[in-house]
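Here's the structure, in structure tokens; my notes come after.
The values are calculated or read from the model by the stated rules, or taken from the named source; none is laboratory data. All values derive from a computational prediction rather than experimental measurement. No Cβ is skipped: glycine too gets one built from the backbone with ideal geometry, and neighbour counts run over all protein chains shown. Surface accessibility is based on the protein's heavy atoms, side chains included, excluding ligands, DNA and RNA. Shrake-Rupley method; radii C 1.70, N 1.55, O 1.52, S 1.80 Å.
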Amino acid sequence: LARQRLLIKGGKVVNDDHSVVADVYVEDGVVQRMGPNLNPQPAAGLVVLDATNKLVIPGGIDTHTHMQFPFMGSRSKDDFYTGTKAAIAGGTTMIIDFAIPQKGCSLIEAFDTWKSWADPKVCCDYALHVAVTWWSNQVKEEMKSLVENKGVNSFKMFMAYKGLYMVKDEELYEAFSCCKELGAIAQVHAENGDLIALGEKKMLAMGITGPEGHEMCRPEEVEAEATQRAITIANAVNCPLFVVHVMSKSAARVISNARREGKVVYGEPIAAGLGTDGTNYWNKDWGHAAAHVMGPPLRPDPSTPGFLMNLLANDDLSVTGTDNCTFDICQKALGKDDFTKIPNGVNGVEDRMSVIWEKGVYSGKMDENRFVAVTSTNAAKIFNLYPKKGRIAVGSDADIVIWDPSATRTISAKTHHQANDFNIFEGMVCHGVPVATVSRGKVVYEGGAFNVTAGEGKYVSRPPFPPYVYKRVRQREQV
């Protein structure tokens, strides 16, 4: 096979810390040279992309997806093929999905199952977080094995979904302690599952069965309380904490305050919470309202997305995911008479980059460098992928997006590549469009056309003790 060679000419290379006009030369999937007016020889067989007047940015890293996830009596529509294909169309070149075992089941078996689903289908690189849904010595041993043998460095605990995935405080304490010993990142879905379970009963008893009941039984205090509790427990064992899908002002404030107190905690708002709001739950069209049901819910306070974006711009919140977990109108209709049976999940893997550019950069809240930080670099640092991922530099993986800040696109279910019949950002006009996506040095998407086959992406191992996170943790341990 001829070695694949690629030259990206005339663009402005944007990293999280600076921007510079430079050509980028790629060979064998890795950036080999950067600088003005590169002229690699021989010219034969060289693929050239013209990036004049455009930005050349690191491919996006979506820290939170659920592809082909069996959940609430159904399975999410986007599998690892359609989901990763949609990702590259939107400028994302890596996803981190979740392997989630049932209570009492093996974490390693769950990991192997998810990997067997993903490997033949992925169009871009991926990694797997693993969920801890119960606690025992077996779980502890399996966490150790996953870190040492499978390249896993993050574990997620659910404080919600009582009876299904939820763990109690003492189990959180054990899991956090184990994460810290292993050099892993502890993640939490922060909502008070006991209060939600009681709230659901109360709403149904009052005759509230529609999608609005979903938000009403999970008010933001329930998210903020669990966030505070998780931070308190993590701090007690000196374990770094990553709060997934931060959806409300009050939970975001808890994280912001904790960071100002010097606690090692990271918050992940998602495209949905940054681009739309929970007023949709009261829409007269049941299908429209149900399509927005996710946990934690979108918030009815319409100033929430702007508030979360401000915190993201100013480093109170750190990274962005999507929680992409799509269910179509028919699947959502499982809960037509009872909101507790509506499968939770929304789209976003294709839309995240454009939504954040529109609401963050185009609105003047953040600059292009902060955009790269929150869509790619910070995730790469936290999950120990940096500088192979999340940066354009000599030696880095050639996961690169040519981004046109002056182009616009209108998001619609009719034109998106996500495998769903509904898009929660329907009709949103976004400035900032990916015109070409390069994965491992290959142009996989350009001008609306794909050049990728299922299984071309690779599983990426993540070593423990990411320095960006653990330098402080280790020093505190000594002190």
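Below is a table of values for the structure above.
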quantity: Rg and Dmax of region 321-414, Cα atoms only, in Å; calculated: 17.4, 57
quantity: Relative contact order (percent, whole number), region 13-82, Cα cutoff 8 Å, 6+ residue spacing; calculated: 22
quantity: Within region 226-328: Cβ-based charge dipole about Cα centre, in debye rounded to nearest 20 (Lys, Arg +1; Asp, Glu -1); calculated: 360
quantity: Whole-percent carbon and sulfur share, accessible surface of the chain, 1.4 Å; calculated: 52
quantity: Added length on full extension, which subtracts the Cα-Cα distance from 0.36 nm per residue, H431 to S303; calculated: 44.0 nm
quantity: Cα-Cα over 25 Å, subset of K263/K388; K115/K471; K12/K389; K115/K388; K9/K388; K77/K168; calculated: K263/K388; K115/K471; K77/K168
quantity: Principal-axis tilt of helix 193-205 within the chain, Cα atoms, nearest 10 degrees; calculated: 60
quantity: Prolate/oblate/rounded label for region 2-72 (Cα gyration tensor, a/c 1.5); calculated: oblate
quantity: Ranked by how many other beta carbons lie within 10 Å on average, peptides 258-266, 343-351, 19-27 from highest; calculated: 343-351, 19-27, 258-266
quantity: In degrees, nearest ten, helix 137-149 long axis to first principal axis of the chain (Cα); calculated: 10
quantity: C-alpha long axis of helix 169-182 to longest principal axis of the chain, angle in °; calculated: 30
quantity: Descending Cα extents along the principal axes, the chain, whole Å; calculated: 72, 56, 41
quantity: Over the chain: helical MRE at 222 nm, DSSP H runs n ≥ 4 each giving -39500 (n - 2.57), nearest 500; calculated: -9000 deg cm²/dmol
quantity: Placed amide H near S154: partners under 5 Å, 5+ positions off or other chain; calculated: V130, I185
quantity: In Å², nearest 10: area of M206 left accessible to a 1.4 Å probe; calculated: 120
quantity: Residue-normalised accessible area of the chain, given per residue in Å² at a 1.4 Å probe; calculated: 36
quantity: Per-peptide average of other Cβ atoms within 10 Å, ordering 77-90, 124-137, 166-179 highest first; calculated: 77-90, 124-137, 166-179
quantity: The chain, relative contact order [Cα under 8 Å, separation at least 6], %; calculated: 22
quantity: Pairs beyond 31 Å (Cα-Cα), from K54/K249; K180/K365; K85/K359; K121/K332; K332/K365; calculated: K54/K249; K180/K365; K332/K365
quantity: Sorted peptide list for 418-428, 312-322, criterion being average Cβ within 10 angstrom, highest first; calculated: 312-322, 418-428
